[in-house]
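Following: one structure in structure tokens, then a few remarks.
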Amino acid sequence: MHWLKALDEFSRRQLTKDWTEARRRQFIANLCVAGDEPSEPKAVQRALDQMDTKASGTLTHISMMIAAMGVTAISEIVDHDSERFICYLTIGLYLVLAVMCLRCMSVIEAKLFAGDRNILILRLEDDLIYRRELYSTVNTMTAVLTGVVLVLIYFFYFY
């Protein structure tokens, strides 16, 4: 599991490297205004809940695409091994996207802090920003891969 944590930390650094402190503060302030919420912790918690909802919707789409590609791979539409390989490769890519989507929904590891809740709030904000960037990446990649699959299905059928 150490390699998984290292991969997660690498992803976090890469996806959040452009977030300055000023941008971060503006983002949190915008959450408060958009949600009509004067409390930053409540605004962050609501945003995390919304992220869970979005990620679960995307995960549902990914699951359906995995099933569709699995059915396509064993159907009569695909009659060459190279086409079958493309189907299985696409399933593999969707599985990677599914894991990334699950990370967008995972529970933050927060230790209990005696007295200083600001540290906990900062960690929640960090996790929200990371999940936001990760979800944005997953959503874009899912849309592109779904478009590619749409073209491939027609190619397989008419070729």
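The values are calculated or read from the model by the stated rules, or taken from the named source; none is laboratory data. These numbers were taken from a predicted model, which means no experiment stands behind them. Note that each Cβ is placed from the backbone with ideal geometry, even for glycine, and that neighbours are counted across all protein chains shown.
Details
- Residues of segment 78-90 satisfying the condition of being surrounded by 15 or more Cβ atoms within 10 Å (Cβ to Cβ) and at pLDDT below 95: Val78, Glu83, Arg84, Ile86, Cys87
Condition check ((1) in contact with a Phe, Trp or Tyr (Cβ under 7 Å, 6 or more places away or on another chain); (2) under 30 Å from Tyr154 (Cα atoms); (3) at pLDDT below 95; (4) surrounded by 18 or more Cβ atoms within 10 Å (Cβ to Cβ)) across all residues:
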residue: Ser39; (1), (2), (3), (4): no, no, yes, no
residue: Met51; (1), (2), (3), (4): yes, no, yes, yes
residue: Thr58; (1), (2), (3), (4): no, yes, no, yes
residue: Ile62; (1), (2), (3), (4): yes, yes, no, yes
residue: Gly70; (1), (2), (3), (4): no, yes, yes, no
residue: Ser75; (1), (2), (3), (4): no, yes, yes, no
residue: Gly92; (1), (2), (3), (4): no, yes, no, no
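- Test result for Ile129, modelled with pLDDT of 90 or more, part of a helix (DSSP H, G or I), more than 25 Å from Phe27 (Cα to Cα) and not acidic (Asp, Glu): no
- Segment 18-42, residues that are of a type in the set (Phe, Trp, Tyr) and either out of contact with any helix residue (DSSP H, G or I) (no Cβ under 9 Å at 6 or more places or on another chain) or part of a loop (DSSP other than H, G, I, E, B) (or both): Trp19
- Residue match in segment 72-94 (condition: within 11 Å of the chain's Cα centre (by Cα), more than 27 Å from Arg24 (Cβ to Cβ), in contact (Cβ under 8 Å) with a residue 24 or more places away in the chain and part of a helix (DSSP H, G or I)): no
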